[in-house]
1. Only one of these is in a helix (DSSP H, G or I) and within 27 Å of residue 84 (Cα to Cα): 214, 160. Name it.
2. Of all residues in the range 226-261, count the ones that are within 16 Å of residue 144 (Cα to Cα) and in contact (Cβ under 8 Å) with a residue 24 or more places away in the chain.
3. For the range 47-96, what are the residues that are more than 19 Å from residue 19 (Cα to Cα) and in contact with a Gly (Cβ under 8 Å, 6 or more places away or on another chain)?
4. Could you tell me which of the residues 234, 170 is aromatic (Phe, Trp, Tyr), at negative phi and surrounded by 18 or more Cβ atoms within 10 Å (Cβ to Cβ)?
5. For the range 262-278, name all the residues that are over 29 Å from the mean Cα position of the chain (by Cα) and surrounded by fewer than 13 Cβ atoms within 10 Å (Cβ to Cβ).
6. Do we have any residue at all in the range 282-304 that's in contact with a helix residue (DSSP H, G or I) (Cβ under 9 Å, 6 or more places away or on another chain) and either assigned by TED's automatic domain parsing to the domain that holds residue 172 or under 30 Å from residue 85 (Cα atoms) (or both)?
7. Do you know which residues across the range 213-225 are over 15 Å from residue 157 (Cα atoms) and touching a residue at least 24 places away in the same chain (Cβ under 8 Å)?
8. Taking the range 237-254 only, how many residues are surrounded by 15 or more Cβ atoms within 10 Å (Cβ to Cβ), part of a loop (DSSP other than H, G, I, E, B) and aromatic (Phe, Trp, Tyr)?
Amino acid sequence: MSTQSKKTPSRSRQKSTRNFGIGSRDLTRAGKLFVHSSMRSFSTKGTVSDRWKVFSDWAKDELGITKMESITQEVLIKYGGHLKNRIDRGELQASTAQYYVSAVNSIMQTATKGHWESVSPTKDCGIPKRNYLPKISKAMPESQHQQIAGLVSERVAVMMGLQRLMGLRFKESALIDPQLALRQALSKGHAVISAGTKGGRKRNVPVSTDAKIMLERAVKIQDRRSLIPKEMTFVEFRRECYAIAQKYEFSFHSERHHYAQQRYLEITGIPAPINTTVQRKKWIDYVSECLGVDNVQSTEIDTAAQLKISDELGHNRAEITRVYIG
């Protein structure tokens with residue numbers, strides 16, 4: 001009489017207990033699954049998921065963390081310190097850094113069923129409290145831009161040019177398809193920015209004559225559907241570019257500041273507030289005097305300019321624009 005051997009469930013059919021049993025062994029995907037299981041708003045899910053991906057990519061690259069069980073308050077505090085360094089270099093706003101830390105807190109609270117002790121972005125990580133009105137301009141001066149562009153590779157110089165002339169974030173300038181953007185610029189006068197944007201939100205960016213010339217330069221060195229060298233991943237290329245920025249002591253994000261300030265001047269005919277000595281509380285009076293209009297009209301002009309620049313930068317609030325223009 002033969003005995004039947006017990007069948008052992010295949011590994012693929014066993015539900016993984018890793019990442020608090022959410023059903024995925026991938027750190028990034030696990031966090032996103034917790035987001036979708038705990039939040040109702042579609043837009044909020046997308047935003048928090050994007051912020052989790054930024055954290056999980058950093059945790060994998062910098063600390064070798066591959067599962068949620070390895071994430072501790074000390075890890076998140078270290079991440080907060082990384083974000084603070086980016087703020088100090090002008091690459092990130094304090095409000096954005098706070099949102100990034102809060103997103104990790106929120107997901108870990110869900111994953112641990114409420115047993116996570118939240119980390120304070122300001123008290124524990126040293127991230128500054130939000131301040132929408134800078135005291136000095138963070139835009140890269142033209143002389144510094146030209147000097148650095150002459151020291152770095154053509155690829156990095158072109159990316160800096162696109163950031164400066166089109167207001168692109170670093171990731172957007174790396175992932176842009178110059179051939180497609182140039183065709184759009186020539187036919188429509190603007191380029192559709194979609195790759196690398198926050199939350200995957202597309203936006204139209206006006207393309208000036210100088211920006212078209214920069215796109216033409218980009219096309220000449222393009223060897224794939226982006227400006228990332230074909231032999232490198234985005235993470236590898238970003239690490240190399242950030243090392244270059246550290247070597248020459250500059251911030252890519254300062255080019256976006258230049259774009260915003262230049263656009264304010266183009267739209268209103270008046271220098272951005274940060275480039276004047278006028279106090280913000282007296283700004284509307286100053287605009288009225290410069291343009292020869294009343295305060296109601298000058299307020300409308302100022303607000304419209306801020307909203308337009310905010311849209312071109314890929315933000316959705318005018319107060320964020322003030323971080324760039326003062």
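The values are calculated or read from the model by the stated rules, or taken from the named source; none is laboratory data. None of these values were measured; they are calculated from a predicted model. Cβ coordinates were reconstructed from backbone atoms using ideal geometry, including for glycine residues, and neighbour counts include every protein chain displayed.
1. Values: 214 fails: within 27 Å of residue 84 (Cα to Cα).
One residue alone meets the criteria, 160.
2. First pass over the range 226-261, keeping only residues within 16 Å of residue 144 (Cα to Cα): 244-259.
Filter again for in contact (Cβ under 8 Å) with a residue 24 or more places away in the chain, leaving 244-245, 248, 250-259.
The total comes to 13.
3. Selection gives 47, 80, 81, 84.
4. Criteria check complete, one pass: 170.
5. Taking the range 262-278 first, the residues over 29 Å from the mean Cα position of the chain (by Cα) are 277-278.
277, the sole residue that qualifies.
6. no
7. Narrowing the range 213-225 to residues over 15 Å from residue 157 (Cα atoms): 223-225.
Hit for the range 213-225 is 225, nothing else.
8. Total meeting the criteria: 2.
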